[in-house]
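Since every read-out is calculated from the coordinates, none of them should be taken as a lab result. Small disclaimer: the values here were computed from a predicted structure and weren't measured. Neighbour counts are summed over all protein chains in view; Cβ atoms, including those assigned to glycine, are modelled from backbone coordinates with ideal geometry.
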Amino acid sequence: MARLLQVNLWRVLPNCFPARYFITLTQQEVATALRPLYFAVHPDLFYRFPKEKAINENSLKQLNFYLETILENKSTDPVLLTFCLRSGTQNVGHTTSFKQVSIQLLGKDVHRVLHNILSTCHLSTDYLDDLEKSRPKRVSQERPKQPPSAQTSSQRFDQMWWNEARKTVEDIERCIWNEPDVDFRSWLSQNIDKALRRLQMCQPLREETERLRNELREVVQLKDIVWNCGWGITHFRGCLQSFQRLVQQHPTQILPLKGKKGFFS
C-alpha cells in the first residue's frame with residue numbers, strides 16, 4: 001500500500017508543481033552580462049579607498065567561485081555578498097560617499113542569479129533580457145549535463161572573468177584620457193548664466209531647508225546638522241522633514257542626541 005501511494009504521489013506532483021524553466025548561458029555570456037557590475041565595483045577603481053576596495057575584491061572572488069560552481073552544475077550553499085557603490089557625485093565637502101548593497105545568491109539558475117545582482121545594484125539588465133528573448137528555455141528536469149571540458153574549466157573561467165574586468169577598466173581609462181581638455185574660463189562663461197538661473201529657482205527651497213535645519217538644531221540642541229551626501233538639496237529637506245517628525249513623535253528617545261553632531265549620508 002505504501003509503495004502504491006508513493007508511485008501515485010510521484011504521478012500527481014509534477015502536475016501540481018509546474019516545471020521551472022531556465023536559460024542556459026555560456027561562460028563568455030556570463031562575463032559579458034557582468035560588465036556593468038565591473039564598471040561599478042572593480043577594485044582598481046577604488047585604489048584611493050582601501051576599505052571599499054577590499055570589500056569589493058572579496059565579494060567579486062566569492063561571486064566568481066559561486067558562478068563557476070553553478071556553471072559546472074554542482075551544488076553550492078547560499079552566499080551573501082556586499083558591494084560598495086558610489087552613491088553619487090562628490091558632496092559639498094569634496095569627499096566621495098558610498099553605499100553598501102547586500103545581495104543573496106541562491107540556486108543554480110545563472111540567469112536569475114545575474115539578473116538579481118544587476119537589478120539590486122540598479123545596473124542595466126538589457127543584455128540578459130535580450131538573451132532571454134532570443135534563446136529558447138529548457139525545463140529544469142531536462143537540464144543536459146555539460147561536457148567534461150566545461151566541467152573542468154574553472155581556471156579558464158577565472159581567467160575569462162578577470163580578463164573581462166580588466167578590459168572594462170581599460171575602457172574606463174581610455175574614456176578618461178580621450179576626454180578633450182576644457183578651458184576653465186571658457187567653461188565658466190558658457191555655463192554661468194545657466195547656473196545663476198538654477199540657483200535663483202531653488203533659492204526658496206534652500207532658504208526653507210536652512211530654516212528647518214536651524215530649527216531642529218535648536219530643538220534637539222545639536223552641535224550641527226551635516227548633509228554628507230551627493231544628492232541634491234531636495235533630498236536634504238526630505239531627510240530633515242522626516243527627522244522633524246521623529247523628534248515630534250518620540251521626544252524622549254532623541255534626548256541622547258543632545259550636544260552631538262548629526263550626519264545625513
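With label points built 7 Å along Cα→Cβ from the Cα atoms of Arg217 and Leu196, find their separation and express it in nm.
2.9 nm
Quick one: of Lys51/Lys260; Lys99/Lys260; Lys99/Lys223; Lys61/Lys99; Lys51/Lys133, which pairs are farther than 29 Å apart, Cα to Cα? Numbers along the way, then the final one.
Numbers: Lys51/Lys260 26 Å; Lys99/Lys260 23 Å; Lys99/Lys223 25 Å; Lys61/Lys99 20 Å; Lys51/Lys133 40 Å.
Violating the 29 Å limit, Cα to Cα: Lys51/Lys133.
Setting aside same-chain residues fewer than 8 positions from Lys74, which lysines have a Cα under 17 Å from its Cα?
Lys108, Lys145
Counting other Cβ atoms within 10 Å of each Cβ, which chymotrypsin sites (Phe, Trp or Tyr not before Pro) in segment 37-87 have at most 12 and sit in a DSSP loop?
Details: sites: Tyr38, Phe39, Phe46, Tyr47, Phe65, Tyr66, Phe83; in loops: Tyr47.
Hits after loop and neighbour filter: Tyr47.
How many times 2.2 N^0.38 Å is the alpha carbon radius of gyration of segment 198-247? Mind showing how you got there, number by number?
Values: Rg = 11.1 Å, N = 50, 2.2 N^0.38 = 9.7 Å.
For segment 198-247, the normalised Cα radius of gyration is 1.14.
Which value in nm describes the separation of the simple spin-label points at Leu205 and Asp44, placed 7 Å from the Cα toward the beta carbon?
Placing both labels 7 Å along Cα→Cβ, they lie 3.8 nm apart.
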